[in-house]
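The values are calculated or read from the model by the stated rules, or taken from the named source; none is laboratory data. Just so it is clear, the model here is predicted, and its values are computed rather than measured. These accessible areas exclude ligands, DNA and RNA; they are computed on the full protein's heavy atoms, side chains included. Shrake-Rupley method; radii C 1.70, N 1.55, O 1.52, S 1.80 Å.
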Amino acid sequence: MAVSASSWSYKDKSSQVSVSASTIGAMAFQTARGGAIARNGAPAARRCRRSAVAMHGEATLGRRSMLQLTGAAVASALVRPPVTLAVTEERTLLEEFDNVVAARDGFSMLSTLLERQDYEGFRQSLRYPPMSRMRSSSVFVYSQMAPGNDQKAATKAYREMMSGVEQVDFLATQASRKQLNDVAKLTNTFDETVKKMDAFIALLPQP
C-alpha cells in the first residue's frame, strides 16, 4: 500500500504546534493508519519518510507524537478565554427619585412644543432623557417601599401615569399625521398626565 509523504510529514517552523479543530479527526485517522502500516512494515512508506526528511529536513511524527499533537489540539479547542462581565454602577434611591422628578419637570415643559404644533418633536422628546428614564426609575423607587397599602397605591398611581403618557404619545402621533380632528383632546390629556405624575410622586418616600 503506497503512502504519500505528506501523510507522514509535519513542518515545524517556529517550534509551536498549531492544529485547528477541523483537522483533529483527520489526524486521528492518520494515527490509526500509521499503526497499521508500521505493523505491516511497508517498505514504500519507509522510503517515502526517509525521502521527505532528506529532501526537506522535516521531522517525521510517530504514533506517540501524533497522539500528543492530537491531545494538544483537543485541549486548545476546548479551552476558551474567561468572560469578563460589565460592571454597572449601583443604583441609589436618591438618584432614581431625582430622575423621576426631572422626568416630570421635563414632561411639563413639553407643552411649548404642543403650542407650536411640533407634534413630531414632542414625540421624540418622550424618547430621550429625562423623560426616557421615567419608567425604570419609577419602578425602582416604588419597589423599594415596604409591602403594604402605600406600595399598592403607588403601583396603581404609576400605572395610571404611564397610561397617560402612552395616550399622549398616541394622540401626538395622530396629530403629526394630521389624523387628529380634536387637538384639544391632546392638550387635555397632556394636562391630566402631568397631574397624574404629581400624584404618583406624592406617594413616593422622600429620600
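Is the range 132-207 rounded, prolate or oblate when judged by the Cα gyration tensor, a ≥ b ≥ c being the square roots of its eigenvalues, rounded requiring a/c under 1.5 and prolate requiring a/b larger than b/c? Prolate. Using the heavy atoms of the protein chains alone and a 1.4 angstrom probe, what is the accessible area of the range 97-207 per residue in square angstrom? Each residue of the range 97-207 exposes 56 Å² on average to a 1.4 Å probe.
To the nearest 10, the accessible area of Asp191 is 70 Å² with a 1.4 Å probe. Across all C-alpha atoms in the range 85-190, the radius of gyration and Dmax reach 15.9, 51 Å.
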